[in-house]
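The values are calculated or read from the model by the stated rules, or taken from the named source; none is laboratory data. Note that this is a predicted model, so its numbers are computed, not measured. Cβ placement follows ideal geometry from the backbone for every residue including glycine, while neighbour counts extend to all protein chains displayed. With ligands, DNA and RNA removed, areas are computed over all heavy atoms of the protein, side chains included. Shrake-Rupley method; radii C 1.70, N 1.55, O 1.52, S 1.80 Å.
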Amino acid sequence: MQTLALIGNPNCGKTTLFNLLTGTSAYVGNWPGVTVEKKEGMTNGHRILDLPGIYSLSPYSPEEKLSRRYILDEQPDLIIDVIDATNLERSLYLTNQLAELGRPLLLVLNMEDLLEKEGITIDAKLLSQMAGAPVVQISASKGTGIAELQKQIEKSLSEKKLPLCPLFSNYVERYISEIIGDDYLHQIPKGRQMRWAAIKLLEADELFLSSMPTPPPAFQTYIEQARKELAAHFDDDPEAIIIDQRYKVAEHIAQDCQVRKKTKKGFDFDSIATHRFAAIPLFLAIMAGVFYLSIGLVGGYTTPLLETLFAFLGEQVHLTADRFAVYPLLSGILADGIIAGVGAVLTFVPQLFVLFLLLSLLEDCGYMARIAFIMDRMMRTLGLSGKSIIPLVIGTGCSVPAIMSSRTIEHRKQRELTVIVTPFIPCGAKMPVFALMLTYFFPGKWFIAPMIYLLGIVAVVVTGLLARALDRHKETNAFILELPRYQIPSPRNTWLQTRERTLGFIQKAGTIILLSSVIIYLLSSYSFTLQAVDAEQSMLAMLGRVIAPLFAPLGFGFWQASVALLTGIAAKESIVSTLSVTIGTANLGAFFTPDSALSYMTFILLSSPCIAAISAMFKELGSKRKLLYAVLWQTGFAYVAALLVRLIVLVTV
């Protein structure tokens, strides 16, 4: 079994190609930061890996380090360089670095369907000759050229042809040749990589130097002298000189291999989407529309119908059980536990499906990258990175992958702060709680849903400002982000993302929530002496009354609300099922008022997330102490915010 490595710039269609070759459904998005770790699969009996999208092999970001370390240490049998055909020159910079590594290389020109639209013609045969590597043209989104690509993969694996290394100017090549000729580099048993090693020595690449033995004093002196002479000749830093040399090679190849025709420019949506003043209102308007369509419109029609359906099923179970004299405990578990609890959560599947669908469309069309761009300045003023917006947006689906995606942030403090604030963004698991309260206490007031989302953003801002004020050693870094072209979302990608998120939600309902619903029913039906009692004398009620006084100032100091919060630690969706079992959704008005309902939603929004997200936080923070601080801050902030929301409502209404 041979190994293939897929590598390329962000947004080049690499993961889409990976899905086509392997038949899997890896997460695909038209924005950077999607592939955080390498993904692995099988194609035609070969092992294939999807490496993170990078622009170079310089060790500046975790993604670059991961890709570079894998290629150097694991030495895949074939490197498949996925190139955005509409951005040939930029993509060839990475291609030049890959050629220096001394591994068989296959160039894949993706997005060929867009070349005519962009007015671009590429001579693939000439490109293959200049790069010394085979070239295949495909369109991953359209699924064209894949059969030819698979044939070329087999051919390249059998031939193991090495690419041509790009040559720099004669002045630079003289130093590279001298370094390669020294005995010191013969300690690298990888032949062709000696040129790459020589360039790394000239660049003073710290990651490379740390992996090599200390050079002899005479050789070290020569390297330092060579760097000084290069700097004096080009009037620049040696590292910048090498970068410029690579770009000149890429520019030369691109000019010879492609022809660009001038095309008329029409209306540019980015004039609004990235405008200094119009961008934020546009973003809020789009999110308001998303919540209106999912929760207001779809939820308004489907929720009453599904509630009626599950209520009917519960009644039929009781009637059937009475007819056949089934033991009451069993019928109670099935009707009042499983159907009432799980059914209360499944009621919100249609509106969550629409929510996930709309978010997937925004990601795939390229708009999410614009959000990262316009939020960059604000993120940096909060002590966060521009990349922090990516976990915050992914968090609208689930906090677990959102927290994990924070590892693309280079600086530790910015990364840790992002991990702490990401759960403030309402995830799909919290949406059923909000939808439940909005349906019963605020019918027709769909605008409250985006206000909840806005409250999560306010929590992020307040936490960031406070953290920045307390941080004496502020980290600043440049945020480089390519704005991908707008494109019509791929139906396949959109469907896969929406289906994965929705099925994940349903799977929780069928496992964690089902189990918790049964446990909640039993705890609410028996006392500590295992005697059958009503809910008010049950074990659950007694446990809830212990902590209920803590929430009295927030307006929900009754045991049913308290135990619902406890079960929400396992899964936030369990809050709905717990309330359904202990209160009944039709009886919410007897316990909650509009002010306490808003307070309850606020506390659930901002308090510590479910156990899975807490585990992800621990993995990324790497410290029990930091995790404890994070959970205490989230819960304390939630309590204060919920109290303020209730007081504001009571004063203003």
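Heavy atoms of the protein chains alone define the surface here; on that basis the chain has 44 Å² accessible area per residue at 1.4 Å probe size.
Over all directions, what mean area does the Cα convex hull of the chain project, stated in square nanometres?
Convex hull of Cα atoms, orientation-averaged projection: 34.9 nm².
Within the full protein context, the accessible area of residue 559 is estimated at about 10 Å² for a probe radius of 1.4 Å. Label-to-label distance, residue 167 versus residue 210, with points set 7 angstrom from Cα along the beta-carbon direction: 3.6 nm. For segment 198-285, what % of the accessible area comes from carbon and sulfur atoms, probe 1.4 Å? Carbon and sulfur atoms account for 56 percent of the accessible area of segment 198-285. Split the accessible area of segment 66-174 by element, probe 1.4 Å, and carbon with sulfur accounts for 47%.
With 27 Å as the limit, the listed pairs 65/619; 387/430; 125/387; 228/248 have 125/387 beyond it between alpha carbons. The helix-based estimate of mean residue ellipticity at 222 nm for the chain, built from -39,500 (n - 2.57) per DSSP H run of four or more residues and divided by its residue count, is -18000 deg cm²/dmol to the nearest 500.
Please list, or write none, the aspartates and glutamates whose alpha carbon is within less than 14 Å of the alpha carbon of residue 161, excluding same-chain residues fewer than 8 places away. The reachable aspartates and glutamates, counting only those whose Cα sits under 14 Å from residue 161, are 77, 100. Measuring with a 1.4 angstrom probe and ignoring ligands and nucleic acids, residue 125 comes out at about 150 Å² accessible. Compute the acute angle (0 to 90°) between the alpha-carbon long axis of helix 431-441 and the principal axis of greatest extent of the alpha-carbon atoms of the chain; round to the nearest 10°. In the chain, helix 431-441 runs at an angle near 40 degrees to the longest axis. Magnitude of the charge dipole for segment 144-289, about its Cα centre and with charges confined to Cβ atoms of Lys, Arg (+1) and Asp, Glu (-1), is about 880 debye.
So for the chain, averaging the separation of alpha carbon pairs under 8 Å that are six or more residues apart and normalising by length, what relative contact order in percent results?
Relative contact order of the chain: 12 percent.
Annotation for segment 305-340: chymotrypsin sites (Phe, Trp or Tyr not before Pro) lying in DSSP loop with at most 12 further Cβ atoms inside 10 Å of their Cβ are 324. With the highest mean first, a sort of the peptides 146-153, 347-354, 599-606, 639-646 on other beta-carbon atoms found within 10 angstrom per residue produces 599-606, 347-354, 639-646, 146-153. Only protein heavy atoms count here; under a 1.4 Å probe, residue 501 has an accessible surface of about 40 Å². Hey, any idea what % of segment 299-453's accessible area is carbon plus sulfur with a 1.4 Å probe? Exposed carbon and sulfur together represent 72 percent of the surface.
Determine the distance separating the Cα centre of segment 400-440 from the Cα centre of segment 65-118; give it in Å without decimals. One Cα centre to the other: 33 Å. Under the combined filter of DSSP loop state and at most 12 neighbouring Cβ atoms within 10 Å, segment 296-377 retains none of its trypsin sites (Lys or Arg not before Pro).
Database remark: amide H of residue 9 closer than 5 angstrom to the amide H of 54, 84 (H placed geometrically; neighbours at sequence offset of 5 or more, or on other chains; Pro and chain starts carry no H).
DSSP bridge analysis restricted to the chain gives an antiparallel fraction near 35%, rounded to the nearest 5. Note on residue 47 and residue 507: with the Förster distance fixed at 25 Å, the Cβ-Cβ geometry gives a FRET efficiency of about 0.30. Compute the distance from the alpha-carbon center of segment 576-596 to that of segment 270-286, in whole Å. Rounded to whole Å, the Cα centres lie 39 Å apart.
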